[in-house]
1. Can you pull out every residue in segment C:139-185 that is under 28 Å from A:I219 (Cα atoms), in a loop (DSSP other than H, G, I, E, B) and in contact with a helix residue (DSSP H, G or I) (Cβ under 9 Å, 6 or more places away or on another chain)?
2. Which is in contact with a Ser or Thr (Cβ under 8 Å, 6 or more places away or on another chain) and under 30 Å from B:Y222 (Cβ atoms), of B:N270, B:N253?
3. C:L196 versus (1) in contact (Cβ under 8 Å) with a residue 24 or more places away in the chain; (2) farther than 25 Å from C:R249 by Cα; (3) buried (at least 17 other Cβ atoms within 10 Å of the Cβ): which is the lone unmet condition?
4. Specify which of the listed residues (B:F18, B:F38) is assigned to a loop (DSSP other than H, G, I, E, B), at pLDDT 80 or above and within 12 Å of another protein chain (Cβ to nearest Cβ).
5. Only one residue in A:S149, A:S191, A:S184, A:S180 is of a type in the set (S, T, Y) and more than 14 Å from chain B (Cβ to nearest Cβ). Which one?
6. On the basis of being away from every other protein chain (no Cβ under 11 Å), free of Cβ contacts under 8 Å to residues at least 12 places away in the same chain, part of a helix (DSSP H, G or I) and surrounded by fewer than 24 Cβ atoms within 10 Å (Cβ to Cβ), does A:L167 make the cut?
7. With the requirement that a residue be buried (at least 17 other Cβ atoms within 10 Å of the Cβ), in a helix (DSSP H, G or I) and either at the interface with chain A (Cβ under 7 Å from one of its Cβ atoms) or hydroxyl-bearing (S, T, Y) (or both), what does segment C:226-245 give you?
8. Residues that are farther than 24 Å from B:W315 by Cα, touching a residue at least 12 places away in the same chain (Cβ under 8 Å) and charged (D, E, K, R): does segment B:213-222 have at least one?
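The values are calculated or read from the model by the stated rules, or taken from the named source; none is laboratory data. Quick caveat, the model's predicted, so the values are computed rather than measured. Because the Cβ atoms are built from the backbone with ideal geometry, glycine has one as well, and the counts that use them run over all protein chains shown.
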Amino acid sequence: MDIFANLAHGFAVALSPINLLMCLIGALVGTLVGVLPGIGTIATVAMLLPITFGLPPVGALIMLAGIYYGAQYGGSTTSILVNIPGEATSVVTAIDGHQMAKQGRAGPALAIAAIGSFFAGCVATVLIAVLGAPLTKLALAFGPAEYFSLMVLGLIFAVVLAKGSVLKAIAMIVFGLLLSMVGSDIETGASRMAFNIPELADGLGFATVAMGVFGFAEIIRNLDAGAEMNRDLVQQKITGLMPTKKDLIDSTPAILRGTVLGSILGILPGGGAVIASFAAYTLEKKLAKNPSRFGRGAIEGVAAPESANNAAAQTSFIPLLTLGIPPNAVMALMVGAMTIHGIVPGPQVMQKQPDLVWGMIASMWIGNLMLIIINLPLVGIWVRLLRVPYRLMFPSIVIFCAIGIYSVNNAPVDVILAGVFGLVGYWLIKHDFEPAPLLLGMVLGPLMEENLRRALLISRGDWSVFLTRPLSAVLLAIAAFLLTLTLLPMLRAKRDEVFTESEN
Amino acid sequence: MTFIRALAGACLASLCAFVAPAEAQTYPTRGITMIVPFAAGGPTDVISRIVTSHMAQTLGQSIIIENVVGAGGTTATTRAARATNDGYTLITGHMGTHAASVPLYPKLAYHPEKDFEPIALLAGTPILILARKDFPPKDLKEFVAYVKANSEKLNAAHAGIGSVSHVSCELLHSILDIKPVGVPFNGTGPAMNALVAGQVDYMCDQIVNAVPQINAGTIKAYAIATPERNPSLPNVPTTAEAGLPAFQAQAWNAMFAPKGTSPAIIASLNAAAIKALDDETVKKRLLELGSVIPAPKDRTPEALAALVKSEIAKWSPVLKPAS
Amino acid sequence: MAETMGHSATATRNTSVAIGFCLLAIAPQIFEFIWSIGTIFGWGAGRGPATVLISHATALFGGAPAVLIGAASGDTKKASSDVLLALIYSYPIFAVAILTFFMTIRSAQDYVGGIVLMALALFALWASSDLQGMRGFSFGAGTAPRMFGGLLVALGAGIALTGLLADGPAMAHYSWRGPMFVMASIVFFALAIRPLGVVVSAFASFLIAALGTHETRWVETIIVGACLTAGCALLFPYVLGLPMPMFPRFLVQ
């Protein structure tokens, strides 16, 4: 088989000392970037791009790739510990991960996230090597109509993952969709709801809103009178660092399913990885014998989305390596890194640059191995951080978030906006609205609108394209099925019978 | 050269003598910030990086690239227009930010001619007419006839309002006097993906992204909108050869400073830029990207000023009705 | 399920809720007025406070009814943005506020939550009212915002309705100290980072945020704040290479 020769060649390239070092640097920087709230992968890769100028191209790309998937490992850390998702893909991890941390199980949550990510990363790497070329067809089969249907499905996932009232969850999604409309219209360039504020010309940033409704709102809520008791309890409750046997048994099927979903959805350019993590969570919740555990610290709710987002991060390299077309902003930067080195990726990059392609694939496996070796011992340190008294912890989080948000665009207005969204988030908590569906609506909103309009432009206003194109029809059917499944029990009885203790 | 630098330094020193006695040396005494109005890794960014890394050697100071994205590059250009005109904040503008933006954005917060001092033209990226690989016409003549006959049914892709692919396609359409449906994508990558997948019919785009796809046969190119053929695509005819001489477009990239920057600083930056463009490695790298390096007579600040003027005049009638 | 809570919920005084809604109905106008005070000192561009006050007052009391009557008699003159704000946003909220007087609120949490969401959606409808609608078969810039705005109005109304029909929790308790100081810290950081640099703004913001709780012990806080500032000053500009000013501008030059 050709594959083995190629992989052997790839490992020979990736195991050279310089490339090993690059891989390690990438993994370390990625973990750091993932852990720091606000600082996104895109910003970091863009920042480090000039450094790669002086490096050999293969080493440079290995490092940049390392930052990208390293950040997926690190991103779960802040989600779990302090309820601040740094990337759209770790929003769902925060739901159950942070609940686990509140119950003193931050250690197992972090460890299972790392283990799930490692497993998913390994599988996805093999998948790229073996099936990369045929899977490319999937990326090309998705036109505007299919994307629209996929986004509809994604929004239904957001309804399913909400733990309270369905009506409120839908309202939050629509609120998120409305927020995503701020900025300039893709088709006409008209400025929408931006009130002539230059920083709003391109819309609200994900980091701005996420830091606000998750990070700042959580801090403000924890400062409420009477909240000290709960916080002290958490600090006393911290138990084991590693998952128990039962945790591992519970998580194994979740990790497997998450990996499969993530690997498939990751290939789709734009939004694939986000939907993958939500889809994996939804699937676990629907398959679970007792879905009410979800949202209250179910370990599957951490294992599945974390596996999915890491698998997706790896397979999103497929369109880049086989078509030469970057599927997301980070990949576009990689293309930039290649062009700076005089390699313009295209459909023939696999034949013309075997060192680069196979070296990168092999390095991904090595990188994942390094990441789990880095991350498992770190779990202990992170958990110890939780013992820091909250009176010192919260100003530190505020500062880290503020610097992080500022660094995204060097825009002070973004920091103020995040603060405003902190107050919005505080209000949402007080009225029992969940922020996760809001963020999902915000991330998927522009993709949904763009593709709807594109599909209608191409079909000349014929709405039936969504049903006549088979892939699109299948996706819509799944969405309709899921929605009925969610709404049915609500019609019979109130969805959430478990009444949480009143906080007043 | 030394004279110019001394002059520049003297000028700067007199400017900020009372603020910073430490800076009373030759320009530049500290790092220069180069604003690039597009994401890192894009054509403008790559050209800026290649040229500025050589210029930094000449000037003896580092040049830090700051990518400021948003609103078709106009966010960054507005910021540059308002920056201190001390020669430490520069911008790499291009045909969109310093010409097409004028008719496209009626509320533009700057004017390319009134708010900037031109420094030097860096490099141009030729524009190609591309189509999906099974698009019926065989050459540009057939393409013109086919597009004119079927303009109702065809879909032209572009990478978003104000992008090079959008404005150049508008130029093509105004020359052909047709109004096909323009399908906007969020950047060149997704647009190219749709073209490779055959979801849209044709588009105009810069040479950088298209060469490997053309060579692999996943899309086809009808013509290149420059006066001469490009070495990276020797088989693609020019628009003049193929029968559409009116369609001439190039995504030029050029360096600007905020208005009021002292002429001595401009001269020293211009000299450094010209030196970079004459360097063999810089030249080789730019040519690898398919870029066109300006002829010596086009590299002066005056030539750039004239180019900006003529480009605004060229795009205004084409883009006015669109917005 | 929440029988025990339900009775206490009815105790929420309707008057205070209704007055709150009345304030909400003119919140954008009040906000613009406060904003416009800044123009006296030359901050930002915009209308002066007097103009803002007069134009909104005429829009609320005179302009909008005139347009309504005009619309009834088939006169389609284009209304100004202030009049539209009164029509699209303020009047419906006033109507809700009046209705609130006569309602029995069974879950204030849901009722108020729903109405405020409705207000947000109405505001979005106003903000996107100047955008183009459908153009033949293709969407205009305003189509999607109006679609989702309308949907959110309906959903907000639905949530408010559940607050009237089903028993549920009353309004939660809001505290002021935490939100105020955390916001102050964030705003200070935003305003200070450019002129004063990371070191000063991070340290000062840390101390301001620490005011947010009575648990703070100052010696400890100052030490941790100083260490954290030093760490950030090394980490962000050097390790991660983020371009940001370190020290106050006047000290550097």
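1. Scanning segment C:139-185 gives C:G168, C:P169, C:A170, C:M171, C:A172, C:H173, C:Y174, C:S175.
2. Being in contact with a Ser or Thr (Cβ under 8 Å, 6 or more places away or on another chain) and under 30 Å from B:Y222 (Cβ atoms) holds for just one of B:N270, B:N253, which is B:N253.
3. (2)
4. B:F38
5. A:S149
6. For A:L167, the condition - away from every other protein chain (no Cβ under 11 Å), free of Cβ contacts under 8 Å to residues at least 12 places away in the same chain, part of a helix (DSSP H, G or I) and surrounded by fewer than 24 Cβ atoms within 10 Å (Cβ to Cβ) - is not met.
7. C:L228, C:T229, C:C232, C:F236
8. Yes.
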